[in-house]
Each structure stands twice: as structure tokens, then as C-alpha cells.
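Student: Let me give you the structure first, and then I'll get to my questions.
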Amino acid sequence: MALVNENFLKLPGNYLFSEVAKKVTAFKTTHPNADIIRLGIGDVTRPLPAASLEAMHRAVDELGHSDTFHGYGPEQGYDFLIDTIIKNDYAPRGISLSPSEVFVSDGAKSDTGNIGDILGHDNTVGVTDPVYPVYIDSNVMAGRSGDLLANGKWSNITYLPCTAENHFIPALPAQRVDIIYLCYPNNPTGTTLTRAELKKWVDYALANDALILYDAAYEAYITEDEVPHSIYEIKGAKKVAIEFRSFSKTAGFTGVRCGYTVVPKEVTACTEEGGRIALNQLWNRRQCTKFNGTSYITQRGAEAIYSPEGKQQVRETIAYYMENARLMREGLQAAGFEVFGGVNAPYIWLKTPQGCSSWQFFDQLLYDVHIVGTPGVGFGPSGEGYFRLTAFGQREDTLRAMERIAKWQG
Ligand code: PLP
């Protein structure tokens, strides 16, 4: 008889997005002619950079000839992409990495979810709240989370609230944690940490022998100088941090699938006997066993975003979304809302009006102005009273949405 991993049974259904979909479907049934604007999902709408498209076409053609055919590639990724990543994303910031410290993958969701494979089940885990749900759910699956409490928190997870009251800067945990997930620029709040604030976390990890799992999926959206692009800009971070990056939001690769994870050789964790093991070695072993590499075509497409034309095309796409973010921030502020994020990230996090819950605001926005967003409480208990809108929409839709909101509140 096969037994299931009962930890999976503890997971609530994907309540957030299925509940959103259910509510939108119900609304459409009663309002069949309503013109709904969707600013809820985290998917991009701009097409791939032309440089990537051309590179992928060339790669497809290579696969059609026996002398340029590529079969299984290295599980860690092709050197041509790894070298390009180091040369462009790290070396200019004074960070030196060896190629064996960079692991190309099919995206940051898989890697942030799978990294727990190489970490013991007894580790204590800290997360900022609200949070990208993958960090928590993957720990529930591994049995690290304890039980779901009535307040929406897991009993063995340490929640670090990020709200307007603390300017979305999480306090260091009151009780020691072994693993800390940090995501900056942040999904869902769109906020960031300065170098000085991130240093506090690196120092905490160094002093407490903790591991930081740093998700920098939105790094390309940073506009302010004091915001670090990589955790390795902070002294000592190479001893305590693993960094996750993604081409999804940088270059429209949400459907193509490519990202990478940096596991410096210096990052170690303990064995039960008190020895220390390099996590690089374990992650390499894990990937070689369970992952067979990102496709050659995809990696050529990713490499091309670092070409001069590719960089220019990526800049244009990001500028497009960030102009949406600016229009949304200004439009919402003019309509009287308190808004956060949207300066170094494509997410706008707005405070719902006094006494209005995240879900009540969702209903109001849908029924009054036919706009779909995401209730903040869906990202964690500290998201209650907030609401997420994304800047990934088409310009026209973004402008129309702001016009409707202005009239609604006017
Ligand atoms: N990390 C964060 C914080 C995200 O918001 C997302 C996607 O929404 C991901 C990772 C997933 O990225 P990828 O498409 O590379 O799997």
C-alpha cells in the first residue's frame, strides 16, 4: 500500500486565485456585457524581446542539423549563458562568482520551491508577511510548517509583518530562525529594502548561523540607487545567502521558462553531527538527479537579452510597465488612495479605505468599476486591509482603469 505525503493534505485549496476566478465568473453571469479590466494577475503582456526571438529561431534551426544538434545539455546550464550572466549581472557590481556557483533553471518558482530538498526538516523558517505563497506552501509540503491556525498562520512559521506602520521593513525575528525568505523588490507589496536595511539581515544571518533565501525575481525593476540589485552587494552575504533570479518579468519569459539560482561555494549548513556541508555541492547533486536542464533554445533566448539590442529591448519593456506603475500610483493617489510600491517594482499595494476588508474592496472594485485586482489578505494575514494591482497590463487598459477609478471616487 502506498502512503501519501500527508503534509499535502494540510494545504488549503488554492483559495486566493480560485476564489477570485469564482467571483469574476459570478459577476459575468449577472453582468454579461460588462467590460472587465484585469489588473490582478502577475503575468506579463508585452511580447518577447526581438533579440531573444531571433536567437531562439537560430537555435531551432541548429537543432535540425546533425552537426549543430543539441541533446541533453548540462543540468546546471550551458557555459555560454552562465558566463554571460556573471559578466552582466554580477561582475559590474563588484561581485565575483565562478561558473559552478550559477545554476540555470526553468524559473524561480521551481527553484524557490525545490530548494527545501537540500535543507533539513527540523529547520525553523521565517517569512515576511504578506508573502509569495510558494515559500510557505513548499515548507508545508516538506512538513516544516506545523498546523494552520485560525488566524491564517502556520504554527511553526515565524511571520515578520510588513505593513505601512513599519514602512514595510520587517523587524528581525524575536525568536531565532534557521531559514529566512526575503523577496526584494517584493511581491506583493512592491516595496524594497535599502542596502543598509538588507545589511541588517545579512548580519543577523552571520551572527545566528541562519540561511537567507533571497528572491530577486523583480531585480530588473529597481530604479533607486540605494536599493541593492543582489544580496551579494552586502559584505558577508556569500557565506549566508542563496539568490534566485528569473527572466520571466525581466524579459517576458513567463511562458518560455528560464531563471537561475546562485549558490556560492561559501554557503554551508550543518549536519546533525555538527559538520558543515557546502550547499552548492548538495544543490548540484539535487539538480543533476531531478532536473535535466533548461532547453538549449530557451538558454539561447535568455543569452540574447544581454546583447546590446536585447538590453535595449528589455529596457523598453520595463519602462513600459513602469510607466503603467507611475500612472497607477498617481491616478490612485489623486483618487484619494494611499499607495505603496510601484517605484522599484511592477506592483501597486494600496490601502483599502477605513473599515473595508481586502475582499470587500475586491467586490466593490469589481461591481462598481469592473476592475479585477487581488485581495492583499490572500498573501498572508498582514495583507488584510490591502489590495494588489499589477502594472503588467496593456497601457490602454491601465489608463481606462484609472479613468474609471477617478470617476468612481470623484
Ligand atoms: N518569485 C516571485 C516573488 C514571483 O512573484 C514569481 C512570479 O510571480 C516567481 C518567483 C516565479 O518566477 P518564475 O516565472 O521564474 O518561476
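Read-outs: derived from the displayed coordinates by stated rules, not from any lab. These numbers were taken from a predicted model, which means no experiment stands behind them. Neighbour counts are summed over all protein chains in view; Cβ atoms, including those assigned to glycine, are modelled from backbone coordinates with ideal geometry.
Student: Along the Cα→Cβ direction, 7 angstrom out, place labels at ASP117 and ASP225. What is the inter-label distance in nm?
Tutor: In this crude label model, ASP117 to ASP225 measures out at 4.3 nm.
Student: Compute the Cα gyration tensor for region 197-322, then decide on rounded, prolate or oblate, letting a ≥ b ≥ c be the square roots of its eigenvalues: rounded whenever a/c is under 1.5, prolate when a/b is larger than b/c in the other cases, and oblate in all that remain.
Tutor: oblate
Student: Another question about this same structure. State, as an integer percentage, the relative contact order of the chain based on alpha-carbon contacts under 8 Å between residues 6 or more apart.
Tutor: 23
Student: Can you tell which of ILE118, SER246, GLY373 lies farthest toward the positive end of the dipole of the chain, using +1 and -1 charges on the Cβ of basic and acidic side chains (Lys, Arg; Asp, Glu)?
Tutor: Projecting each Cα onto the dipole axis, the largest value belongs to GLY373.
Student: Given charges of +1 on the Cβ of Lys and Arg and -1 on the Cβ of Asp and Glu, with all other atoms neutral, how large is the dipole of the chain about its Cα centre, in debye to the nearest 20?
Tutor: Charge dipole, the chain, about its Cα centre: 420 debye, nearest 20.
Student: What residue among PRO92, GLY152, ALA302 has its Cα farthest toward the positive end of the dipole of region 53-307, where the charges are +1 on Lys, Arg and -1 on Asp, Glu, each on the Cβ?
Tutor: GLY152
Student: What does the charge count near LEU119 come to, summing +1 for each Lys or Arg and -1 for each Asp or Glu among other residues with Cβ under 10 Å from its Cβ?
Tutor: Around LEU119, the surrounding residues sum to -2.
Student: Let me ask something else. Once amide H atoms are placed 1.01 Å from N in the peptide plane, what residues at a sequence separation of 5 or more from THR191, or on another chain, have their amide H within under 5 Å of its amide H?
Tutor: Residues meeting the amide H criterion: ASN186.
Student: Which whole-Hz couplings ³J(HN,Hα) result when phi for each residue of region 77-93 is put into the Karplus expression 6.51 cos²θ - 1.76 cosθ + 1.60, θ = phi - 60°, listed in order with x for Gly and Pro?
Tutor: Calculated HN-Hα couplings, in order: x, 6, 4, 4, 7, 4, 4, 5, 4, 4, 5, 9, 8, 10, 3, x, 9 Hz.
Student: Right, another one. How big is region 1-160 in terms of Cα radius of gyration and Dmax, in angstroms?
Tutor: Taking only Cα atoms of region 1-160, I get Rg and Dmax of 21.9, 61 Å.
Student: Which listed residue (ALA210, HIS31, THR390) has the Cα farthest towards the positive end of the charge dipole for the chain, taking +1 on Lys and Arg C-beta and -1 on Asp and Glu C-beta about the Cα centre?
Tutor: Projecting each Cα onto the dipole axis, the largest value belongs to HIS31.
Student: Another one. So how strong a dipole does region 72-113 carry about its Cα centre when Lys and Arg Cβ are +1 and Asp and Glu Cβ are -1, to the nearest 20 debye?
Tutor: The dipole of region 72-113 has a size of about 180 debye.
Student: On to the next question. Could you list the chymotrypsin sites (Phe, Trp or Tyr not before Pro) in region 16-76 that lie in coil according to DSSP, counting only those with at most 14 other Cβ atoms within 10 Å of their Cβ?
Tutor: Taking region 16-76 and a limit of 14 other Cβ atoms within 10 Å, the loop chymotrypsin sites (Phe, Trp or Tyr not before Pro) found are PHE69, TYR72.
Student: While we're here: I'd like the per residue volume of the convex hull spanned by the Cα atoms of region 291-410, given in cubic angstrom.
Tutor: Each residue corresponds to 141 Å³ of Cα convex hull volume.
Student: Where does each of 356-368, 134-146 land if you order them by average Cβ count within 10 Å, highest first?
Tutor: The peptides rank, most packed first, as 134-146, 356-368.
Student: Right, next: If packing is taken as the average number of other Cβ atoms within 10 Å across a peptide's residues, how do 314-323, 111-120 rank, most packed first?
Tutor: Highest to lowest by the protection proxy: 111-120, 314-323.
Student: Per-residue HN-Hα couplings for region 385-391, Karplus 6.51 cos²θ - 1.76 cosθ + 1.60 at θ = phi - 60°, whole Hz, x for Gly and Pro?
Tutor: x, 10, 8, 9, 10, 10, 9
Student: Calculated from DSSP H runs of 4 or more alone, at -39500 (n - 2.57) each and per residue, what is the 222 nm mean residue ellipticity of the chain, nearest 500?
Tutor: Computed ellipticity for the chain at 222 nm equals -11500 deg cm²/dmol.
Student: Still on this structure, please answer the following. Determine the dipole magnitude for region 69-179: charges of +1 sit on the beta-carbon of Lys and Arg, -1 on that of Asp and Glu, nothing else is charged, the reference point is the Cα centre, and the result goes in debye to the nearest 20.
Tutor: 280
Student: Inverting the mean 1/r over all pairs of different Cα atoms, compute the Kirkwood radius of the chain and quote it in Å.
Tutor: Every distinct Cα pair counted, the radius reaches 22.3 Å.
Student: Restricting attention to the alpha-carbon atoms of region 339-410, what are Rg (one decimal) and Dmax (integer), both in Å?
Tutor: Both quantities, over Cα of region 339-410: 11.9, 33 Å.
Student: Can you compute 3J(HN,Hα) from phi for each residue in region 156-169, using the Karplus curve 6.51 cos²θ - 1.76 cosθ + 1.60 with θ = phi - 60°, rounded to whole Hz and x for Gly and Pro?
Tutor: With coefficients 6.51, -1.76 and 1.60, one gets 9, 9, 8, 9, 10, x, 10, 9, 4, 4, 9, 6, 6, 10 Hz.
Student: I would also like to ask the following. Given region 53-307, what percent of its DSSP beta bridges are antiparallel, to the nearest 5?
Tutor: Antiparallel bridges: around 40 percent, rounded to the nearest 5.
Student: Let me ask another. For the cross-link pairs LYS239/LYS290; LYS23/LYS153; LYS23/LYS407; LYS10/LYS249, which exceed 28 Å when the distance is taken from alpha carbon to alpha carbon?
Tutor: Pairs exceeding 28 Å: LYS10/LYS249.
Student: May I pose another question? Report, by chain and number, residues whose modeled amide H sits under 5 Å from the one on ILE180, excluding near sequence neighbours (fewer than 5 apart, same chain).
Tutor: GLY126, LEU211, ILE212, LEU213
Student: Considering amide H positions built from the backbone, and no H for Pro or chain starts, which residues 5 or more places from GLU338, or on another chain, come under 5 Å of its amide H?
Tutor: LYS351
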